[in-house]
Amino acid sequence: MVSEADLLPKEEFHEHRPGIIEQMRRLGDTGKAGSVRAEELMTSPAVTVRPDATLPQAARLMAERHIKRLPVVDADGTIKGIVSRADLLKVFLRSDDELAAEIHHEVVEQLFPVSRRTVKVDVTHGIVTLTGRVRDAHRIPLAARLVQAVEGVVGVRNHLEVLPSAPGNEA
């Protein structure tokens with residue numbers, strides 16, 4: 001696979017001829033600059049991932065190897081597709097309204113069934129603000145952790161308070 005990074009030395013050295021010391025210091029780039037076939041230019045072996053790899057695994061591999069695109073190959077080495085950085089980021093690009101609806105349904109309604117109507121979920125640029133009064137003080141930190149775990153949430157401002165008259169568990 002030939003990447004943009006593989007092509008850069010060819011273009012760079014086309015504009016100016018490096019001196020002998022620079023050529024020695026950058027032997028790999030010097031070799032790529034003189035290539036005429038893809039196999040001479042490409043990075044080999046190709047860094048790939050299997051179709052069953054998780055998104056965090058693919059992201060970690062791309063970050064560790066400083067690559068922008070990752071071929072997805074099956075057990076036989078057949079290319080099934082390519083994962084790009086943009087593909088991985090799409091998971092986190094969700095509208096504020098979509099995040100608020102999911103948080104209210106999946107976190108607030110589950111943790112605070114009695115107080116759910118008094119809890120407000122505001123989301124601005126992925127930052128979630130929880131406000132309102134609930135009956136169970138022990139569930140407040142849990143709510144913040146669960147909200148933070150929702151894909152697309154950038155941060156959490158937890159301003160939930162305990163109802164003064166109900167210090168026990170919520171029914």
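Taking the stated definitions as given, is Asp87 loosely packed, with under 12 Cβ neighbours inside 10 Å and either in a helix (DSSP H, G or I) or modelled with pLDDT of 95 or more (or both)?
No, not satisfied.
I'd like to know if region 118-134 contains one or more residues that are more than 30 Å from Arg69 (Cα to Cα), open to solvent by 70 Å² or more (accessible area, probe 1.4 Å) and among the acidic types (Asp, Glu).
Checked against the condition, which is being more than 30 Å from Arg69 (Cα to Cα), open to solvent by 70 Å² or more (accessible area, probe 1.4 Å) and among the acidic types (Asp, Glu), region 118-134 yields no hits at all.
Could you check how many residues of region 76-99 are under 21 Å from Met1 (Cβ atoms) and in contact with a helix residue (DSSP H, G or I) (Cβ under 8 Å, 6 or more places away or on another chain)?
3
Kindly provide the set of residues from region 135-149 that are open to solvent by 20 Å² or more (accessible area, probe 1.4 Å) and of a type outside the set (S, T, N, Q), ordered by number.
Result: Arg135, Ala137, His138, Arg139, Ile140, Pro141, Leu142, Ala144, Arg145, Leu146, Ala149.
So, in region 150-171, of the ones that are more than 30 Å from Leu88 (Cβ to Cβ) and open to solvent by 60 Å² or more (accessible area, probe 1.4 Å), which residue ends up modelled with the lowest pLDDT?
Ala171
Specify which of the listed residues (Leu130, Leu142, Leu146) is modelled with pLDDT of 95 or more, farther than 25 Å from Pro56 by Cα and either assigned to a loop (DSSP other than H, G, I, E, B) or not aromatic (Phe, Trp, Tyr) (or both).
Leu130
Could you check how many residues of region 105-120 are under 25 Å from Leu55 (Cβ atoms) and either part of a loop (DSSP other than H, G, I, E, B) or touching a strand residue (DSSP E or B) at 6+ places or on another chain (Cβ under 7 Å) (or both)?
Matching residues across region 105-120 total 0.
Can you run down the residue pairs with Cβ atoms below 7 Å, 6 or more apart or on separate chains, where the first is in region 95-122 and within 15 Å of His159 (Cα to Cα) and the partner is hydroxyl-bearing (Ser, Thr, Tyr) and outside any helix (DSSP H, G or I)?
These pairs meet every condition: Lys120/Thr131; Asp122/Thr129.
The values are calculated or read from the model by the stated rules, or taken from the named source; none is laboratory data. Note that the structure is predicted; figures quoted are calculated from it, not measured. Using ideal geometry, Cβ is built from the backbone for each residue, glycine included, and neighbour counts are taken over all protein chains shown. Accessible surface areas use protein heavy atoms only, side chains included; no ligands, DNA or RNA. Shrake-Rupley method; radii C 1.70, N 1.55, O 1.52, S 1.80 Å.
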